[in-house]
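Enquirer: Handing you a structure now.
The values are calculated or read from the model by the stated rules, or taken from the named source; none is laboratory data. What you are looking at is a predicted structure, and each value in this text was computed from that prediction instead of being measured. Note: ideal-geometry Cβ built from the backbone for every residue, glycine included; neighbour counts use all protein chains shown.
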Amino acid sequence: MSLLLRAKKRFKRLFRVLLRRKNARIGIYGPPNAGKTTLANRIVRDWTGDAVGPVSEIPHETRRARRKENITITGTNGSSVDIDIVDTPGVTTKIDYHEFLEYGLEKEEAITRAREATEGVAEAMHWLREDIDGVIYVLDSTLDPFLQVNIMMVGIIESRKLPVIIVANKIDLPDSSPARIKSAFPQHPVVAISGLEGQNMEQLYEEMTERFG
């Protein structure tokens, strides 16, 4: 086979790879118990009928990043975006096994859970640095958003110039205050939802098609 023919075949293979459509990898980030997996499950169920993983009131139920591929989100205006959802462990500056003891876990199990959660946070940060194309940053709207971990994480996302949507979750609860989150991060779109009850998901999907499309 001549060098020219080989070069033509290599070019054709490369051209096919470049034409192959790549789904945007959207990472769901936020502090522990903000409702990340609940939201991930809501998105995946709404568009595929499947789910990502279990949820729990115990912090760090998600201790490894979980990915669900080939999800097509369609907005009310007919625009759509093809994504892979990456549900990540809750990011925090400190993980202490003692907090798990408060939920009735035995010491050995609590220590194991804390170690796995620490490894999971490192994995989530690796995904953010290397493999994420956009971020949904989930906050519990009943809590103070002006925490060091939130300021740090949004700063990292901005430094990577990633498109981001801030989600003010748990608006079904009486102490919810999405306005506090909007005042904390006025530079980014904030969508107030209840991932548990599905409130205002249409607005989130519309925002996703605009930001991640």
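Enquirer: In region 192-213, what count of residues is obtained for those that are in contact with a strand residue (DSSP E or B) (Cβ under 8 Å, 6 or more places away or on another chain), crowded, with 16+ Cβ neighbours inside 10 Å and closer than 19 Å to I83 by Cα?
Expert: Counting residues in region 192-213 that are in contact with a strand residue (DSSP E or B) (Cβ under 8 Å, 6 or more places away or on another chain), crowded, with 16+ Cβ neighbours inside 10 Å and closer than 19 Å to I83 by Cα gives 8.
Enquirer: I've got another one for you. Are any residues in region 36-82 more than 12 Å from the chain's Cα centre (by Cα), modelled with pLDDT under 75 and of a type in the set (A, V, I, L, M, F, W, C), and if so, which ones?
Expert: V55, I58
Enquirer: Consider only pairs whose beta carbons are under 8 Å apart and that are at least six residues apart or on different chains; among these, list those whose first residue lies in region 68-85 and is under 11 Å from G213 (Cα atoms) and whose second residue is part of a loop (DSSP other than H, G, I, E, B) and not β-branched (V, I, T).
Expert: Listed pairs, sorted by first residue: S79/G213; S80/G213; V81/G213; D82/R21; D82/N23; I83/N23.
Enquirer: Go through region 120-148 and count every residue that is closer than 13 Å to Y29 by Cα and surrounded by 16 or more Cβ atoms within 10 Å (Cβ to Cβ).
Expert: Looking only at that region, the number is 15.
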